[in-house]
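Have a look at the structure below before the remarks.
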Amino acid sequence: MQFVLVFNSGSSSFKFSLFPTDSDAPLLNGVAEALSTPEANMKIVPAEGEVQRFHIDADHQGAIAILVAKLPEFGVNFTDVVVVGHRVVHGGEAFSESVVVDDYSLGKMESCSDLAPLHNPAAVLGIRLIGELYPNLPQVAVFDTAFHQTLEKKAYLYAVPYHLYEQQGVRRYGFHGTSHRYVAGEAIRRLGLPESDNQLLIAHLGNGCSATAVSNGKSVDTTMGLTPLEGLVMGTRSGDVDPSLHQFLQDRLGWSLQKITDVLNRESGLLGISQISNDMRTLVEAAENGNESAQLAIDVFCFRLARQLAGLAASLSRIDAVVFTGGIGENNGGLRKKVLESLAIFGFTVDGSANAIHGKESAGVITTDTSPTRAMVVQTNEEAMIARDAKKLVLGVTDHA
Ligand code: ADP
């Protein structure tokens, strides 16, 4: 059997999944965390069998070696891995699709690093380390931004001096593209829509949240922007604020730009309003127990999402379905109902029992047969999408389980 290793590198961690080349279901996945610190550890979660957690005394390179040495315990030799697929956050305007890594593309990825200084260097490091350890193993880079490169200028330009776009790359790039692409494909398939004639609104609601308008399989508008801070209310990120907020806070509180950026990224969103948690499950529980600030955070989250979805609809000719995905979108029926009720203008009749079981018995659909507009739930699977791209580019395999 042959395998695809999917790699998602962070600055002090990496996540991994191992897919047989003939399946969308991973044989195992896991994470190496706190690398290069005394707390460094690895967790391996096999599809079948016991989860393994253990301390490792390692940096990124050491952790890769440990993972490789562990694989035989799961019946895999690293020599059976035929391609590694990497998640890369920012592809700038250089990448509109996934690519096989070579010196040229790696250089381009590095040049996108100033657009994503926290994320891209880690992905480049992961690619370089694997390249050094296994120079003959093909690697594929899959970009969060690539799916949104089909946006037209009217959708991606900010109304700021044009040279800031031309010379500094200031524009909307959008993120979560791999998830939006996977979910759009799944929705189109399940609803039996023609590949060349479909109109979808997709809400990816995890710790980070973004929504995308998809027309005929292509992203035409999306809520995240130059960075993943723009758009929807998220776990700890504010989403849209008045751009003058920075000046205001500096004048009133003497906060530095760095402090304001940190507050908007790490102390805002659900956490900021509720002052309880960034985790939707915790907030739903607190709200059910009468906590008003938790309820308020949920209300703002839902309203802002509905408002953005309605705005994205401006890019579509009709709505075939609103699709919910991500940890919140897939699991929180109450929230889906609330958002769809806010979008009454489009006419959704939620099927209460289908919504309660997340559409599991109706191909994801959570609205009634007579609902003027459909809504559905699709579980995202970014890793499977990365594995598919890696297989397609390196093995020429396009069919999948
Ligand atoms: P990430 O963006 O890190 O991949 P996830 O997609 O796992 O995150 O989403 C995390 C969010 O999903 C958290 O806010 C979590 O509370 C929420 N979530 C997960 N399961 C449920 C559930 N059963 N009900 C409500 N929210 C849930």
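If one computes P(r) from the Cα atoms of the range 1-43, what percent of pairs lie at distances over 12 Å? The proportion of pairs with Cα distances above 12 Å equals 59 percent.
Remark: the range 372-381, residue by residue, has Karplus-estimated 3J(HN,Hα) of x, 10, 8, 10, 8, 10, 10, 6, 6, 7 Hz, where x stands for each Gly or Pro and the curve is 6.51 cos²θ - 1.76 cosθ + 1.60 at θ = phi - 60°. With the dipole of the chain worked out from charges on the C-beta (+1 for Lys and Arg, -1 for Asp and Glu) around the Cα centre, which of 272, 90, 243 lies farthest toward the positive end? Going by the charge dipole, the pick is 243.
When you restrict to C-alpha pairs under 8 Å that are six or more residues apart and normalise by the size of the range 161-304, the relative contact order lands at 16 percent. Counted over all Cα-Cα pairs of the range 84-148, pairs farther apart than 17 Å make up 29 percent. Going from the residue with the fewest nearby Cβ atoms within 10 Å to the one with the most, 309, 5, 118, 125 rank 118, 125, 309, 5. Computed FRET efficiency, Cβ-Cβ of residue 251 and residue 226, R0 22 Å: what is it to the nearest 0.05? Calculated value: 0.35.
Shape summary of the range 254-389, radius of gyration then Dmax from alpha carbon positions: 17.0, 56 Å. Going from the residue with the fewest nearby Cβ atoms within 10 Å to the one with the most, 209, 112 rank 112, 209. With coordinates expressed along the principal axes, the C-alpha atoms belonging to the range 329-372 extend over 27, 21, 13 Å, beginning with the largest.
Positive contributions from Lys and Arg (+1) and negative ones from Asp and Glu (-1), summed over other residues with Cβ under 12 Å from the Cβ of residue 267, come out at +2. For the chain, the longest principal axis of the C-alpha atoms and the axis of helix 382-395 are separated by about 50°. Within the listed set 78, 303, 14, the Gaussian network model of the chain (springs between alpha-carbon atoms below 10 Å) gives the highest mean-square fluctuation for 78.
The convex hull around the C-alpha trace of the range 1-125, projected and averaged over every direction, spans 8.1 square nanometres. Over the range 309-401, the hull volume per residue, using the convex hull of the C-alpha atoms, is 128 Å³.
Based on C-alpha pairs under 8 angstrom that are at least 6 apart in sequence, the range 290-401 has a relative contact order of 23 percent. Among 261-274, 177-190, 37-50, the peptide with the highest mean count of other Cβ atoms within 10 Å heads the list, and the full ranking is 177-190, 261-274, 37-50.
Applying 0.36 nm per residue to the separation of residue 368 and residue 114 and subtracting their alpha-carbon distance, the gain on full extension is 86.7 nm. The mean of 1/r over all distinct Cα pairs in the chain, once inverted, gives the Kirkwood hydrodynamic radius of 22.2 Å.
For the range 1-158, what is the percent of antiparallel DSSP beta bridges, rounded to the nearest 5? Roughly 70 percent of the DSSP beta bridges within the range 1-158 come out antiparallel.
Stokes-Einstein diffusion for the range 158-213 at 10 °C, viscosity 1.306 mPa s, with a Kirkwood radius from C-alpha pairs, works out to 118 µm²/s.
Read the figures in this text as sums done on the coordinates, not as results from a lab. Nothing here was measured: the structure is a model prediction, and the numbers come from that model. Note: ideal-geometry Cβ built from the backbone for every residue, glycine included; neighbour counts use all protein chains shown.
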